[in-house]
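The values are calculated or read from the model by the stated rules, or taken from the named source; none is laboratory data. In this text, all values refer to a predicted model and were calculated from it rather than measured experimentally. All Cβ positions, glycine included, derive from the backbone under ideal geometry; neighbour counts span all protein chains shown. When the accessible area is computed, the model is the full protein with side chains, heavy atoms only, and any ligands, DNA or RNA have been set aside. Shrake-Rupley method; radii C 1.70, N 1.55, O 1.52, S 1.80 Å.
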Amino acid sequence: MAVAKPWGCPPLQNVPILGEQYTSREFFDHEWSSMWTKVWLLMGRSSEMQDPGSYQVEEVGPESFIMIRQADSSIRAFYNVCQHRGSRLIFNKEGTTDKIVCPYHGWEWASDGSLEYVQDPEDFKEGNPCDDLTLVEVNCEVFAGFIWINMNPECMSLREYLGPVWEEFEAYESEDWIRGPSSTVDVNCNWKVPQDNSCESYHLPAVHPQGLKWIEHSYKYCQFSWCEEGHNRMSIPMVTPSRSLEGEELEVDQQLEEMLEPWGLKAEEFKGRELETRQSVQSVKRELGGKYGYQFDQLFDDQLTDAYHYNIFPNVTISFAGAEYIGLQRMRPHRRDPERHYYDNFMYLSRGATTRLGITEPEERRFFKYGTELMNRQIADQDLAISTGQQLGLASRGYRGVRLAGQEGRVQRFHDVLEEYLDGSRS
Ligand code: FES
Ligand SMILES: [Fe+2]
């Protein structure tokens, strides 16, 4: 089969999508208690933590989590909080340590969460705290090279949670893909604003006009679907001159030419048969991919050229672009401000791409406040620029709620699923 099959698309519930859902502290608190604390969250990257004691720390809302490699090479995750008087334990984003030392009174925690040293243990009337205290652990699984956690002790398995996403991600064999340019931006808008944005391609002509000539962006050529588990998917044909640009002649423009070149194809070969570029690239990639270190064996033909774009509920968007790299956006809510969030924009390069480019080490992740720097990822920078402006409008008394096009159905589905967590019917 040349294409991945569509998902089930349960009927939309059309819950209202109103401005206050992006601005109200009450709604934000409800999301925290009824949704964030119940779902699987993509948090870290396993291949970036090779040795026992290597760790990554990530915040989501008011919580911070330590993910740490164990002596038996498994990974466990703990709330980043000392059980003496509640100090946060680690303030770095990543590192390697043989013990976690609390900065306040120097208690020492082992990587398995046990307490190994306290000062003056004889002075505790309940007995030595090392005998009964441990760090508080959360569920942790590793899948597709990412570390996922769930705060709900009664949660379903990650595999069950991901539903059809699981098998489709497995096919890309992306466990050892290496982090490319990556940024975390502190942005003044609700976390749902960019997630909504990533659930539709209706904005492409207005916001990303630079890419239209090699993407078949019209909804008529895209496939949209969503699954019972709450995630959704869109595929967009790429590496083709677009038939969606009215009144323009089909041409292999310079950007498209640059996509043909690495595979030994020339623009002039396609004179008069411009619409064959996509299939030709698929064939050459199928034939030569293995030679360059790519892993295409389990992929459908269209995955070798197209964007397969997944919104994993609640806050992750992953695009596989022609099976060459992953563009990943993750929106993490601020501790207490509904009109602020942390926008992570990561790239992971496939084995074929890193071999070709000679990359062996992950790139440094940058952290900055929106407006002070650019991510230097044009599409993501354009999306964030729109998001901050939209937040201002969502806070207006003059805004009456959404009017969605059919092709924005994934936005509605995202809010329908969120509402099911909020009203308790899903958890
Ligand atoms: S709060 Fe951690 S040792 Fe006191
Ligand atoms: Fe966009």
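The distance linking segment 2-62 with segment 85-164 is 22 Å (Cα centroid to Cα centroid, whole angstrom).
Surface listing: Lys192, Lys93 arranged by accessible area from highest to lowest gives Lys93, Lys192, probe 1.4 Å. Every Cα-Cα pair in the chain was counted, and those over 40 Å apart are 22% of them. Computed over segment 41-150, the range of Cα coordinates on each principal axis works out to 47, 30, 21 Å, biggest value leading.
Identify, among Val193, His208, Ser183, the residue whose Cα sits farthest towards the positive end of the charge dipole of segment 148-263, taking +1 on the Cβ of Lys and Arg and -1 on the Cβ of Asp and Glu, with the dipole about the Cα centre. Of the options given, the answer is Val193.
Restricting to Cα pairs below 8 Å that are 6+ residues apart, what does the relative contact order work out to for the chain? Please round to a whole percent. For the chain, the relative contact order is 23 percent.
For the chain, the carbon plus sulfur part of the accessible surface works out to 47%, probe radius 1.4 Å. Simple spin-label estimate for Gln254 and Asp120 gives 7.2 nm between the two label positions (7 Å along the Cα-to-Cβ direction from each Cα). Taking the Cα atoms only, what angle lies between the long axis of helix 25-34 and the longest principal axis of the chain, rounded to 10 degrees? Taking the Cα atoms of the chain, the angle to 25-34 is about 80 degrees.
Want the number for Ser73 to Lys266: 0.36 nm per residue separation, take away the alpha-carbon distance, what's left?
This chain segment gains 64.7 nm when fully extended.
In loop segments of segment 192-254 as defined by DSSP, the GluC sites (Glu not before Pro) with at most 10 further C-beta atoms inside 10 Å of their C-beta are Glu246, Glu249. Ranking Val316, Leu260, Leu245 by how far each Cα lies toward the positive end of the dipole of segment 173-332 (charges on Cβ) leaves Val316 at the top. In degrees, nearest 10, range 0 to 90: what is the angle between the Cα axis of helix 409-422 and the longest Cα principal axis of the chain? Once rounded, the angle reads 20 degrees.
Placing Lys369, Lys271 in order of accessible area, with the largest value first and a 1.4 Å probe, yields Lys271, Lys369. Only lysines eight or more places from Lys369 in sequence, or on another chain, were considered; those with a Cα closer than 21 Å are Lys93, Lys192. Taking Cα atoms only, the orientation of helix 277-288 departs from the longest principal axis of the chain by about 60 degrees.
Within the straight-line cut-off of under 27 Å between alpha carbons, the lysines reachable from Lys266 are Lys213, Lys285, Lys291, sequence neighbours fewer than 8 places apart in one chain being disregarded. Its alpha carbons give segment 90-193 an Rg and a Dmax of 19.5, 56 Å. Taking label positions 7 Å along the Cα-Cβ direction at both Asp381 and Cys9, the computed distance is 3.6 nm, reported to one decimal. Taking all protein chains as they are arranged and a probe of 1.4 Å, the heavy atoms of Arg88 leave approximately 80 Å² accessible to solvent. Using C-alpha pairs under 8 Å with a sequence gap of at least 6, the mean separation divided by the residue count of segment 32-116 gives a relative contact order of 22 percent.
Taking the Kirkwood radius as the inverse of the mean 1/r across Cα pairs, report the Rg/Rh of segment 193-346.
1.01
Rounded to the nearest 10 square angstrom, Arg159 shows an accessible area of 120 square angstrom against a 1.4 Å probe. In loop segments of segment 36-145 as defined by DSSP, the chymotrypsin sites (Phe, Trp or Tyr not before Pro) with at most 10 further C-beta atoms inside 10 Å of their C-beta are Phe91.
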